[in-house]
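These notes concern the structure reproduced below.
The values are calculated or read from the model by the stated rules, or taken from the named source; none is laboratory data. Model, not experiment: these values are computed from the prediction. As a convention, Cβ positions derive from the backbone with ideal geometry for all residues, glycine included, and neighbour counts pool all protein chains shown.
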Amino acid sequence: MTTMPDHALLERDSAPSAAAPGEGTAPSANTPGEGTAPSANTPGQGTAPWLALGALGAMALAACADGSADGAADGAATGGQPSGVRTKAAEVGTAPVFRFAKISNGAYFYTGNAGEKDLVLRDYPDFRYEGVAFYQSPAQTGVPVFRFANLTNGGYFYTASVTERDFVIQSRPDLRFEGSTFSVAQPDAQGVSPVYRLANLGNGAYLFTSSAPERDAAVATGLWRSEGIAFYTASAPPPSGSVDTDEQAARFLLQAQFSASDTEIAAVRAKGYAGWLDEQFNAATGIRAWDWLQSRGYSVLDTHNYYNQEYPTDYFAWHQLLASPDGVRKRLALALSEFFVVSVDGVGTAWRSQVMATYWDILVANAAGSFRKLLEDITLCVAMGEYLNTRGNQRENSSGRLPDENYAREVMQLFTIGLYQLNSDGTEKRDAAGNRIETYTQSDVSNLARVFTGYDIDFSTDTQQVNAFDDGRTVFTTNFTRLPMRFIPNRHSNLEVRFLGTSIAASTPGATALKTALDALFNHPNVGPFFGRQMIQRLVTSNPSPAYVGRVAAVFNDNGAGVRGDLKAVFRAILLDEEARSSKGLTEPGFGKVREPMIRLVQWARSFGLTSASGSWKLGDTSNPSTRLAQSPLRSPSVFNFFRPGYVPPSTALAVAGAPAPEFQIVSETTVSGYLNWIQDISRRGIAVKNPAVPYQVGGGPDVFDMQATYANELPIAHDAGALVRRLGLLLCAGQLSSATQTLIVDALEASPITSTSSNTVKLDRIASAVLLVMASAEYLVQK
Amino acid sequence: MHLIRPQLHDRRAFLRRSSQLAMTGAALPIALNLSAIGQAAAFSATDYKALVCVFLYGGSDYANSVVTYDSPSYDLYSTIRGGGAGQAAGGIALGRADLAATLLTPGAALPGGRQYALHPSMTGLAGLFNSGKAAVLLNVGPLVVPLTKAQYNSPDRKLYPLPPKLFSHNDQQSVWQSSSPEGSTVGWGGNLGDLAMASNGNSLFTCISATGNSVFLVGDSALQYQVGTTGAVPINGVKAAVNGSVAVKNALTTLIQQSRPHTLENEYNRVTQRSIAAEAQITSALAGVSLATVFPSGNSLADQLKIVARLIAARNTLGSRRQVFLVSLGGFDLHDNLIAQQPGLLSGVSAAMTAFYNATLEMGLADKVTSFTTSDFGRTLSSNGDGSDHGWGGHHLIVGGAVKGKAFYGTPPPVSISDTSSPNDQWHVGQGRLLPSTAVDQYAATLARWFGVSDTEMAGVLPNIGHFGAAGGRADYPTDLGFLA
């Protein structure tokens, strides 16, 4: 078998330039690297009349007249492959074959070598990258495809037929033989599909496509002749290959959800990343937060005045995060709660915890749904209405009152488009002078504010109750907390609205105006990269490459079925992306992110079987930076979240590089200490509560350790420090502890020798020490 | 051409500043180092001085904090804010009679009979003003260059540049603190720290935040040290055996401070290293402090100012001579419930700052400690029914024994929301969003000069200061506003 030089294309550098018609041919709108799907392109577009290669065309057609299946079979036979031992399982490709179009004359180039693809992208501006054409099969079992360079037009010819190859070598000096390139599927392998060959009647270029519609469209142009089946392609491989190790599975789990259990690691290995993830998107959700509050008695008007309390919010939030079965959905909802931020501190209505529960339930319900629906549900929920003042917002009047601008501004700045116009890869656009380009002006804010007038809480299904326990105040029942705000037409501004190039005519009905406005925001090209980048930051890495953002944004823009804003597809793209999955991230000094403190707590609890013995889950606000986590779910200090996506930690190597590390905004001399002290405490004793038997808060009384980790799976191996540390290293940080750190921890643990028959007290001391050391290590704190 | 010059806030700027120092003739060692610069500059003083920035997060409503009081101006205010008949409260307007107790009585009356009162809940600060220990700076906000309304409306942004991202919370916070929008990594408090740190026994204690991380206190070299309201937080696991094991304690101590090849890991451990080293010093120094001044309880700003006062009290033990502190209070973004929420917030500010002043008096340092308020932005003068929206300029307070108090600085803005060519409509850019007549840079430069920054050093601290003052051809926008002795 001929060995291809890695950079064959480089070697034949003179051919394309000699052949290129080149003059003044502008690159098409599709720049290399945008990953345009092949089928979206019209083959031959931009093809100039060129040297007719009648001889080759005729020959090739003749050689393949009875179908290239022959050619492929021929290749297999003469290639001496062990054809008799092929598996009959559905054949899955090992890697993509990439397609490039030569912009100047419409010839095509295919390569299965990712390095060569990158080289062409970098050094050959005349070749436009058109994405994955089809898939390679393993060289050992597949059929080799031979490549010829056309010295006249700079295009390429491929064949899987040895006969045809030899014929071309003998008769066509203008086609330089470049050896075998990628391999394709055996024609009789299971689950394979044909790749069609077309010849350009004008310039002798060849197009290979696995899309019958593309083939037909090409023929319909009259410029291309179908030449039948060239060879066969295996089906697409799982996006990031198989899951080979427990560490890989754990790494994925810790990005996709909070924790990794033995059974989950096994399930990911068995089902693959995508298979497991898709299953989780459809998994049953646990009890909803609003229902849990009701089930715990928090929706009743009694002496505890729950309607006026924030602490039930903490309890339901922790219960949802620590105890619910659907970890993926809750993890994504938590990430969304840091984007569409509402904090219970800023919700002033009665039954504010029920209002917050509905907000949370909306995030959970839409986490794998539609961004557009989520945007509308969030806009109209009472929690956001309270937080950013859409509730009670009124039209302008003659005495100078103007609509409240808060939501109009933040829905643009924070929830959809951001401050600056973005390229599709999330980098900022620049004007001719090199300045960033703002997305909106104060006038856009003032205009959009009119759309959000006329909304208020919908008490229509509630009754008033007299609160005998609190000065006889009247309090509505709780139905309104589950309803979207109602629209009150005479409070709505009827002025014309002009914002971001969209106009809404004067006196447009409120619902229509809202739909138009949210559609305009949703369809703004910034949303995909703006939202996608921040979700990558929450789940995977603080500094995603523009290409990664671009891939995720492309999925936001179109999930492959023409749907925009499909969050399931977006999160799948984030988690399955090569940049998230590649082992390169394990060694790059800038990859990853600081684990958020609240997620560390949830991970610890879920990893080691924490439950609330009483079922009351009375874990409160953990915001205190000196004694807790400097962070607590649904308690951001402002709508700008606990940290900003662009936060660059000053006075660090990151500042020199200009690299954001958002979570560092809550890393300080105080918070590092507060975290360590609390983890040391709770890892051994559990979480202390006053009187867990009752749902309400109790000021005094003894500490009861109602929420404790069981360490059920760690106790049996506690006597084996090495095994214990390996296990914690896997569950807590996907095996990312260095051997030096493992040794340091093991040695410290072994300083207090114990045996398998030692008491549980002694074993729990060791386990808690091991947990503390792992969770204190920088290798754990930075998730990679 | 006028440009914002955030590039001055980077390491090259440090070198540039150094060369500026060199041009003044100060002897510099060949191997440039900060302590040498500090000693060569004005900070060789042996006395103590501190600046305390009180940041009111959310954008404080200027119109109800420093309230226009003379009858004609009050009537305009009341009409715009929906006040009641007979100068009574109504809408989001405060009642005039309620302001009498907090009326500010400057030594020299303002022109045109203008008068102001503080919000009725701000009795402590009104008292400090009237006793000469506090001043009010009117209509201050970020400016790149002095601007008229016509210039603001001009399309020529090269000649008349605007501060970036006006009206946006996070960006305007950053602009106030660093002259640049979010993402900036060096602030003017930190730049003061760069110059001051060599004066201090432990340079880490130059820039101290008693609230969260923010860009204000970060310099080219000066770090922001964060302290809890009860002092530095010790890490229990490095102080005593962990779960009965000294070996675990020792391993923890190593693990959390070791240098790492991974950038994020290494920076995290650097913070922990600092935490451990500083805690030992702070805890020991604070142990010797006793302050009799009572700070109000249940007041988070007071809690922060109390630890600041205690750290100042420990200055000799810590070897501190020049310090910059940051404290903050949130909740000022009152689009709604302005009338209901302001009393709690502003009485908290007033009580906390008053107690802090009293603590400096107790320490005999009243004229060595200056505190001053800042905020994201002022708000609209117009009402949205129940509150006000994001604005630009606002009024701020400076408190301390060195303050030339019982006085207003800056220019009283006309009370107006209308948009005509009348002179009264030239100092707002719509809905009473004030066009600042004094720049944050002028405010900061005045504080910096008192702190010890020389004219030649000023551009390194405040990159845009050259656009103001006589040297910038704008004597009408002086770089020393004169409110500090």
Take the conditions within 9 Å of the chain's Cα centre (by Cα), surrounded by 19 or more Cβ atoms within 10 Å (Cβ to Cβ) and over 23 Å from A:Cys381 (Cβ atoms) and apply them to A:Val570. Does it pass? no
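Assess whether A:Pro589 counts as being within 12 Å of chain B (Cβ to nearest Cβ), closer than 22 Å to A:Ala734 by Cβ and in contact with a Ser or Thr (Cβ under 6 Å, 6 or more places away or on another chain).
Working: within 12 Å of chain B (Cβ to nearest Cβ): yes; closer than 22 Å to A:Ala734 by Cβ: yes; in contact with a Ser or Thr (Cβ under 6 Å, 6 or more places away or on another chain): yes.
So A:Pro589 passes the test.
Could you identify the single residue in A:Glu750, A:Glu714 that is among the acidic types (Asp, Glu), more than 26 Å from A:Glu264 (Cα to Cα) and either surrounded by 22 or more Cβ atoms within 10 Å (Cβ to Cβ) or out of contact with any strand residue (DSSP E or B) (no Cβ under 8 Å at 6 or more places or on another chain) (or both)? First the steps, then the outcome.
On the way: A:Glu714 fails: more than 26 Å from A:Glu264 (Cα to Cα).
Result: A:Glu750 is the single residue among A:Glu750, A:Glu714 that is among the acidic types (Asp, Glu), more than 26 Å from A:Glu264 (Cα to Cα) and either surrounded by 22 or more Cβ atoms within 10 Å (Cβ to Cβ) or out of contact with any strand residue (DSSP E or B) (no Cβ under 8 Å at 6 or more places or on another chain) (or both).
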Expected output for the range A:391-407 (first residue more than 7 Å from chain B (Cβ to nearest Cβ), partner hydroxyl-bearing (Ser, Thr, Tyr) and crowded, with 24+ Cβ neighbours inside 10 Å, Cβ below 7 Å, 6+ apart or cross-chain) is A:Arg391/A:Tyr455; A:Asn393/A:Thr453; A:Asn393/A:Tyr455; A:Arg395/A:Thr453; A:Arg395/A:Ser493; A:Glu396/A:Ser493; A:Tyr407/A:Thr390
Residue that is nearest to the other protein chains (Cβ to nearest Cβ) [pool: residues in the range A:529-548 that are within 15 Å of A:Glu663 (Cβ to Cβ) and aliphatic (A, V, I, L, M)]: A:Val540
Has the range B:134-154 got any residue that is within 12 Å of chain A (Cβ to nearest Cβ), under 18 Å from the mean Cα position of the chain (by Cα) and among the β-branched types (Val, Ile, Thr)? no
Going through the range A:193-214 one residue at a time, which ones are assigned to a loop (DSSP other than H, G, I, E, B) and either surrounded by fewer than 23 Cβ atoms within 10 Å (Cβ to Cβ) or of a type in the set (Lys, Arg) (or both)? A:Leu201, A:Gly202, A:Ser210, A:Ser211
Tell me the residue from B:Ser221, B:Ser259 that is more than 7 Å from chain A (Cβ to nearest Cβ), in contact (Cβ under 8 Å) with a residue 60 or more places away in the chain and out of contact with any Lys or Arg (no Cβ under 7 Å at 6 or more places or on another chain), please. B:Ser221
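Which of the residues belonging to the range A:603-630 are on the phi > 0 side of the Ramachandran plot and within 13 Å of chain B (Cβ to nearest Cβ)?
Step one: of the range A:603-630, the residues on the phi > 0 side of the Ramachandran plot are A:609, A:615, A:617, A:630.
Correct list: A:Ala630 only.
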Could you tell me which residue of the range A:297-351 is farthest from A:Leu374 (Cα to Cα), considering only residues that are aliphatic (A, V, I, L, M) and part of a loop (DSSP other than H, G, I, E, B)? A:Leu301
List the residue pairs whose Cβ atoms are under 6 Å apart, where the first residue sits in the range B:311-322 and is under 11 Å from B:Ile282 (Cβ atoms), the second is hydrophobic (A, V, I, L, M, F, W, C) and assigned to a loop (DSSP other than H, G, I, E, B), and the two are 6 or more positions apart or on different chains. B:Ala314/B:Val289
Can you name the condition, by its number, that A:Tyr196 falls short on among (1) in contact (Cβ under 8 Å) with a residue 60 or more places away in the chain; (2) touching a Lys or Arg at 6+ places or on another chain (Cβ under 9 Å)? (1)
Look through A:Ala217, A:Ala283 and report the one residue that is in contact with a Ser or Thr (Cβ under 7 Å, 6 or more places away or on another chain), surrounded by fewer than 18 Cβ atoms within 10 Å (Cβ to Cβ) and touching a residue at least 24 places away in the same chain (Cβ under 8 Å). A:Ala217
When you check B:Asp75 against the structure, is it among the charged types (D, E, K, R), over 26 Å from A:Glu396 (Cα atoms) and surrounded by fewer than 19 Cβ atoms within 10 Å (Cβ to Cβ), yes or no? no
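Could you list, in sequence order, all residues of the range A:676-694 that are in a loop (DSSP other than H, G, I, E, B) and either of a type in the set (Val, Ile, Thr) or at the interface with another protein chain (Cβ under 8 Å from one of its Cβ atoms) (or both)?
First pass over the range A:676-694, keeping only residues in a loop (DSSP other than H, G, I, E, B): A:686, A:691-694.
Correct list: A:Val694 only.
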Return the residue satisfying two criteria in turn: it lies in the range A:594-634 and is within 13 Å of A:Ile679 (Cα to Cα) and among the hydroxyl-bearing types (Ser, Thr, Tyr), and of such residues it is surrounded by the most Cβ atoms within 10 Å (Cβ to Cβ). A:Thr622
Please go through the range A:98-153 and pick out each residue that is in contact with a Ser or Thr (Cβ under 9 Å, 6 or more places away or on another chain), among the hydroxyl-bearing types (Ser, Thr, Tyr) and not in a strand (DSSP E or B). A:Ser104, A:Ser137, A:Thr141
Enumerate the pairs (first residue in the range B:57-85 and away from every other protein chain (no Cβ under 14 Å); second residue anywhere and surrounded by 18 or more Cβ atoms within 10 Å (Cβ to Cβ) and of a type in the set (Lys, Arg)) with beta-carbon separation below 6 Å, excluding pairs fewer than 6 apart on the same chain, so at least 6 apart or on different chains. B:Asp70/B:Arg114; B:Tyr74/B:Arg96
If you take the residues of the range A:641-675 that are hydrophobic (A, V, I, L, M, F, W, C), facing chain B (nearest Cβ under 7 Å) and not in a helix (DSSP H, G or I), which of them is nearest to A:Thr541 (Cα to Cα)? A:Ala661
How many residues are in contact (Cβ under 8 Å) with a residue 12 or more places away in the chain and either surrounded by fewer than 23 Cβ atoms within 10 Å (Cβ to Cβ) or in contact with a helix residue (DSSP H, G or I) (Cβ under 8 Å, 6 or more places away or on another chain) (or both) when one looks only at the range B:154-169? 11
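Would you say A:Leu744 is assigned to a helix (DSSP H, G or I), surrounded by 24 or more Cβ atoms within 10 Å (Cβ to Cβ) and at pLDDT 95 or above? So that I can check it myself, show each step before the final result.
Numbers: assigned to a helix (DSSP H, G or I): yes; surrounded by 24 or more Cβ atoms within 10 Å (Cβ to Cβ): no; at pLDDT 95 or above: yes.
No; evaluated as a whole, the condition is false for this residue.
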Per-region count, the range B:226-252, residues surrounded by 17 or more Cβ atoms within 10 Å (Cβ to Cβ), more than 30 Å from A:Lys584 (Cα to Cα) and in contact (Cβ under 8 Å) with a residue 12 or more places away in the chain: 12
Would you please name the residue that is surrounded by the fewest Cβ atoms within 10 Å (Cβ to Cβ), looking only at residues in the range B:283-303 that are within 12 Å of chain A (Cβ to nearest Cβ) and under 28 Å from B:Ser174 (Cβ atoms)? B:Ser300
Criterion: buried (at least 23 other Cβ atoms within 10 Å of the Cβ), in contact (Cβ under 8 Å) with a residue 40 or more places away in the chain, at the interface with chain B (Cβ under 9 Å from one of its Cβ atoms) and in a helix (DSSP H, G or I) - qualifying residue of A:Leu732, A:Leu772: A:Leu772
Going by what's in this entry, would A:Ser752 be described as at the interface with another protein chain (Cβ under 8 Å from one of its Cβ atoms) and not in a helix (DSSP H, G or I)? yes
Can you tell me which residues in the range B:344-396 are crowded, with 23+ Cβ neighbours inside 10 Å, out of contact with any helix residue (DSSP H, G or I) (no Cβ under 8 Å at 6 or more places or on another chain) and away from every other protein chain (no Cβ under 14 Å)? B:Leu346
